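The values are calculated or read from the model by the stated rules, or taken from the named source; none is laboratory data. Since the structure is predicted, the reported quantities are computational estimates derived from the model, not experimental observations. Positions of Cβ are generated from backbone atoms using ideal geometry, with glycine treated the same way; all protein chains shown enter the neighbour counts. For accessibility, only protein heavy atoms count, side chains too; no ligands or nucleic acids. Shrake-Rupley method; radii C 1.70, N 1.55, O 1.52, S 1.80 Å.
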Amino acid sequence: MIRRLVVFALFLAAAAPARAQSVDTAGAGALIAQAMDHSEVMQNLQYLSDVIGPRLSGSAAMKRANEWTAQRYRDYGLTASLESYPFGVTWERGEASLWLTTPFKRQITAHSWAWTQGTPKGAPVSGPVVRINGSADSLDTYLPKVKGAWLVMSEPAYVWNPDGPPMTAADSALMREAQQRRTAAFQRPGRDTSAAGRRAAQQANYDRAWKLKKAGALGVLTDGAKEFGLVTMSGSPNSVSPLPNLVVSHEDFLLIGRLMERGESPRLTGRVTNTLGAKPVEQYNTIGELRGSEKPDEVVILGAHLDSWDLGTGVTDNGTGSMVVLEAARAIAQSGVKPKRTIRFILFSGEEQGLMGSRAYAAAHAAESERIQAVLVLDNGTGRITGQALQGRDELEQLWKDLLAPVTTLGATGVRKANKGGTDHLAFIPYGVPGFNFDQETRGYNHTHHSQVDTYDHAVPDDLKQASAVMAVTALELANLDALLPRGATTPVTPAVPMKPSAGLAAK
C-alpha cells in the first residue's frame with residue numbers, strides 16, 4: 001500500500017504542471033493574421049497536386065515532393081533536411097482491366113490493389129468467380145475449388161445509398177452488424193492478441209495468398225467500399241502478394257455476389273500489369289525547423305504525411321494536411337514571433353503503407369522523446385479544425401481549452417475525450433510523447449480519401465487557412481509553456497518487417 005501511495009503521489013506531481021500552467025497567447029493575433037490574410041496554402045497545394053501529382057511512397061514523384069517541400073521551408077526562412085529510413089521494394093501501377101463475360105458482357109470498374117503482382121506475363125486470364133471463407137483456419141477446405149477461379153473472400157461493405165431515404169436507427173444497426181461480419185475473422189474468442197500472436201496471425205494470412213497461388217487461383221476481388229464507382233486503395237511493401245488483387249466498385253461487387261446467389265456462375269476476364277522493384281529502397285521524411293530562442297533542445301512537432309495513393313492526386317489525403325503544416329511554418333517564421341522551444345515541421349512518407357515514416361522517425365529519435373513537448377498531426381481531409389481529441393490524456397482537457405481559446409472565433413472550440421487512430425501521431429505515443437490528431441469537418445473526406453476523386457477541386461480554401469492558423473497558434477503556445485507536459489506510459493515497440501512466405505510456399 002505504501003508503495004502504491006508513493007507511485008500515486010509521483011504521478012500527481014508529474015501531472016500537476018500540465019494543470020497549473022497558464023497559456024501565453026501573445027503572438028496569436030499575428031499568426032492568425034498571417035494565416036488568414038497572407039496565405040500561400042492554396043498555391044502550394046495546387047503545385048503539389050497538379051504539377052508533382054500523386055506521391056506513392058517509393059516513387060520518383062515522392063522524392064520530388066520531399067525536395068520541393070524542403071526548398072519551400074528554406075524559402076520561408078527555416079532550416080530543412082531529408083531524413084531517410086528503410087522502406088522496402090517499390091511498386092508501380094500498370095494497366096488493369098476486368099470484364100464480366102457471363103451471363104452478359106460488361107466492363108467492371110477495377111483497379112489493382114497496391115503491392116500485388118499482375119497476371120502472368122500481363123496476359124488476360126479467364127475463369128469463374130468462387131466464394132471461399134477467407135479465414136486461414138478453414139482454407140484447406142476450399143483449396144480444391146480455387147484452380148482457374150477468381151476469388152471472393154470477404155463480405156461486402158455496408159454502403160448507404162445516398163439517393164435513398166434518411167438512415168434510421170435500424171439501418172445504423174445493420175451497418176454495424178455488416179462491419180462486424182467483415183472483421184469477424186479477427187475477433188474470434190481466444191485469439192492470441194500478444195505481439196507474437198498477432199505476428200503469427202499475420203503470417204497465416206500472408207501464407208494464404210501463396211497457398212491460393214500454388215492451388216491455381218487467378219486472383220482476388222476486393223470490395224471498393226464506396227459508392228458511385230469509387231474505390232478505396234491500400235497495400236504495403238511489408239506484405240507483397242503473389243496474387244493479383246483487383247479492387248472493384250461496390251456496385252459491381254454486389255452484382256457479382258447477386259449472380260452467385262442466383263446460381264448464374266459469373267465468369268470474368270482480367271488483365272493486370274504491375275512492376276515490383278528488385279531490391280529495398282530508402283524513403284525520406286522532410287523536416288523543417290525553427291530553432292527555439294530559450295529552450296532549443298525541447299521540441300514541438302507539427303506533422304502530416306506527404307505521401308498519397310495514386311488513383312487521384314492525393315489532395316485531401318493528405319496534401320491538405322501537409323500544406324497546412326508548411327503554411328503554419330511560414331506563418332510563424334514570417335510573423336516575427338520567437339518561440340521559446342524549437343518547432344519542428346515534419347512531412348512524413350510511408351504513412352499509407354503503415355505509418356512507416358513516422359515510426360522510423362520516432363524510433364530514431366527515441367532518445368529525445370522526453371524532450372518532445374507534443375506531436376500535433378493533421379490528417380482528416382480538407383475540413384477546418386473543429387477541436388481536439390485528448391487521446392487518453394484527459395488530464396490535459398483544461399490545457400487544450402486554453403490552447404484553443406485564441407482560435408475559438410475561427411470555429412476551433414471542441415475538446416473531447418476520445419482516441420483517434422490511423423495516422424502518424426500514433427507512432428510517438430509508445431514513447432510517452434503526448435500525441436494528438438486534430439478533429440476536422442468531414443467535407444466529403446470519406447468519399448475522396450484513397451479514391452480516384454482525391455483531387456484539387458475538393459480542397460476548401462477558407463478551411464485550410466483556418467487550419468493553418470489553428471496549428472500555428474497551438475504550436476507556438478505549446479512552445480512557450482513554462483514546463484514540458486507530463487509523459488504518458490511507454491510501451492514496447494515491435495518494428496514492422498516485411499513478410500516472407502513460410503518454407504516451401506514460394507517454390508515454383
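Can you pull out every residue in the stretch 38-70 that is among the β-branched types (V, I, T) and open to solvent by 10 Å² or more (accessible area, probe 1.4 Å)?
V51, I52
Can you find a residue in the stretch 212-220 that is modelled with pLDDT of 95 or more, closer than 26 Å to V159 by Cβ and within 25 Å of the chain's Cα centre (by Cα)?
Scanning the stretch 212-220 turns up at least one residue that is modelled with pLDDT of 95 or more, closer than 26 Å to V159 by Cβ and within 25 Å of the chain's Cα centre (by Cα).
Where in the stretch 89-160 are there strands (runs of 3 or more DSSP E), lying fully within it, with 2 or more residues that are out of contact with any Gly (no Cβ under 6 Å at 6 or more places or on another chain) and open to solvent by 70 Å² or more (accessible area, probe 1.4 Å)?
The qualifying strands (runs of 3 or more DSSP E) are 106-108.
Collect the residues in the stretch 190-211 that are touching a Leu at 6+ places or on another chain (Cβ under 6 Å) and either part of a loop (DSSP other than H, G, I, E, B) or not charged (D, E, K, R) (or both), keeping them in residue-number order.
Hits for the stretch 190-211 are A209, W210.
I'd like the full set of residues that are open to solvent by less than 10 Å² (accessible area, probe 1.4 Å) and closer than 21 Å to S322 by Cβ, limited to the stretch 388-412.
Q388, A389, V407, A412, listed by residue number.
For the stretch 459-508, give me the residue count where each residue is within 26 Å of Q353 (Cα to Cα), assigned to a loop (DSSP other than H, G, I, E, B) and in contact with a strand residue (DSSP E or B) (Cβ under 8 Å, 6 or more places away or on another chain).
2
Report yes if A173 is modelled with pLDDT under 95, loosely packed, with under 15 Cβ neighbours inside 10 Å and part of a helix (DSSP H, G or I), otherwise no.
Yes; evaluated as a whole, the condition is true for this residue.
I'd like the full set of residues that are modelled with pLDDT under 95, out of contact with any helix residue (DSSP H, G or I) (no Cβ under 6 Å at 6 or more places or on another chain) and open to solvent by less than 50 Å² (accessible area, probe 1.4 Å), limited to the stretch 15-37.
Matches in the stretch 15-37: A16, P17, Q21.
Working only within the stretch 453-508, note down all residues that are surrounded by fewer than 23 Cβ atoms within 10 Å (Cβ to Cβ), closer than 30 Å to K340 by Cα and among the acidic types (D, E).
Once the filter is applied, which keeps residues that are surrounded by fewer than 23 Cβ atoms within 10 Å (Cβ to Cβ), closer than 30 Å to K340 by Cα and among the acidic types (D, E), the stretch 453-508 yields D462, D463, D482.
Here is a list: Q353, Q334. Which entry is touching a His at 6+ places or on another chain (Cβ under 9 Å) and of a type in the set (S, T, N, Q)? Give the derivation first.
Values: Q353 fails: touching a His at 6+ places or on another chain (Cβ under 9 Å).
Step by step, each of Q353, Q334 is checked, and only Q334 is touching a His at 6+ places or on another chain (Cβ under 9 Å) and of a type in the set (S, T, N, Q).
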